[in-house]
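J.: First the structure, which I've put down as structure tokens, then a few questions once you've had a look.
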Amino acid sequence: GGQRALIRESWQRVSGSPVQHGLVLFTRLFDLDPDLLPLFQYNCKQFASPQECLSAPEFLDHIRKVMLVIDAAVSHLENLSCLEEYLCNLGKKHQALGVKVESFSTVGESLLYMLEKCLGAAFSPEVQEAWSKLYNAVVKAMRRGWET
Ligand code: HEM
């Protein structure tokens, strides 16, 4: 359908430089909710500032992981159910890491912000709607990890 084409086209413009775009997403995320910063700890070390976190190699790896999950969702638009078990487990892992399921709404806002920055005028209401739907489907699957 048209929404799927919009997703694929727009993702093509983002996925070529995942870390660069992921940095826009997570910079926005820490602006919107600075309390998420302490959840990212590597070797039990807390970051003193978002800037420090956003430049840590381990955190850049997390950015790559996030972008790969989105990439998988874009590749499986026709059959997202293939990813359900994986996403449920990913939800469980995040629950164990102390992430609140509500925070994924803020991640969604930050994702749309990043897409708007990247796509400019191409970020139409239709594109926004298509991405909201896809992101909500991903979060719905991850949310099951908090329930079980
Ligand atoms: C792993 C935090 C959102 C995908 C992790 C880890 C932390 C974390 C602390 C473990 C350390 C690491 O691998 O770097 C968070 C927080 C989030 C968030 C605080 C937002 C509030 C997301 C989102 C996705 C995602 C939106 C993808 C849609 C992953 C993946 C892993 C991971 C794939 C690796 C899991 C594994 O080891 O099997 N996350 N994350 N994260 N995260 Fe997130």
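The values are calculated or read from the model by the stated rules, or taken from the named source; none is laboratory data. No experiment lies behind these values; they were computed from the predicted model shown. Here the Cβ is made from the backbone with ideal geometry for all residues, glycine too, and neighbour counts use every protein chain on show.
J.: Before we move on, is L87 within 9 Å of the ligand (Cβ to nearest atom), surrounded by fewer than 17 Cβ atoms within 10 Å (Cβ to Cβ) and hydrophobic (A, V, I, L, M, F, W, C)?
T.: Details: within 9 Å of the ligand (Cβ to nearest atom): yes; surrounded by fewer than 17 Cβ atoms within 10 Å (Cβ to Cβ): no; hydrophobic (A, V, I, L, M, F, W, C): yes.
For L87, the condition - within 9 Å of the ligand (Cβ to nearest atom), surrounded by fewer than 17 Cβ atoms within 10 Å (Cβ to Cβ) and hydrophobic (A, V, I, L, M, F, W, C) - is not met.
J.: Given G145, G98, which one is surrounded by fewer than 16 Cβ atoms within 10 Å (Cβ to Cβ) and either of a type outside the set (D, E, K, R) or modelled with pLDDT of 95 or more (or both)?
T.: Details: G145 fails: surrounded by fewer than 16 Cβ atoms within 10 Å (Cβ to Cβ).
That would be G98, the only listed residue that is surrounded by fewer than 16 Cβ atoms within 10 Å (Cβ to Cβ) and either of a type outside the set (D, E, K, R) or modelled with pLDDT of 95 or more (or both).
J.: So which residues in region 34-70 are surrounded by fewer than 16 Cβ atoms within 10 Å (Cβ to Cβ), at pLDDT 95 or above and not in a helix (DSSP H, G or I)?
T.: Q41, Y42, Q46, A48, S49, S55, A56, listed by residue number.
J.: Right, E78: near the ligand (Cβ under 9 Å from one of its atoms) and over 13 Å from the mean Cα position of the chain (by Cα) or not?
T.: Details: near the ligand (Cβ under 9 Å from one of its atoms): no; over 13 Å from the mean Cα position of the chain (by Cα): yes.
In short, no.
J.: Among the residues of region 1-42, how many are under 23 Å from K100 (Cβ atoms) and over 16 Å from the mean Cα position of the chain (by Cα)?
T.: Residues flagged as under 23 Å from K100 (Cβ atoms) and over 16 Å from the mean Cα position of the chain (by Cα) within region 1-42 amount to 5.
J.: Any idea how many residues of region 105-117 are near the ligand (Cβ under 8 Å from one of its atoms) and either in contact with a Gly (Cβ under 9 Å, 6 or more places away or on another chain) or hydroxyl-bearing (S, T, Y) (or both)?
T.: Count: 1.
J.: When you go through (1) in contact (Cβ under 8 Å) with a residue 12 or more places away in the chain; (2) out of contact with any Phe, Trp or Tyr (no Cβ under 7 Å at 6 or more places or on another chain) one by one for S17, which number turns out not to apply?
T.: (1)
J.: Mind checking which residues of region 72-99 are part of a loop (DSSP other than H, G, I, E, B) and without any contact (Cβ under 8 Å) to a residue 40 or more places away in the chain? So that I can check it myself, show each step before the final result.
T.: Going residue by residue through region 72-99, those that are part of a loop (DSSP other than H, G, I, E, B) are 76, 97-99.
Within region 72-99, H76 is the sole residue that qualifies.
J.: Also: Mind checking which pairs have a first residue in region 22-40 that is in contact (Cβ under 8 Å) with a residue 12 or more places away in the chain and near the ligand (Cβ under 10 Å from one of its atoms) and a second that is of a type outside the set (D, E, K, R) and outside any helix (DSSP H, G or I), Cβ under 7 Å, 6 or more apart or different chains?
T.: L37/F47; L39/L97; L39/G98; L39/V99; F40/F47
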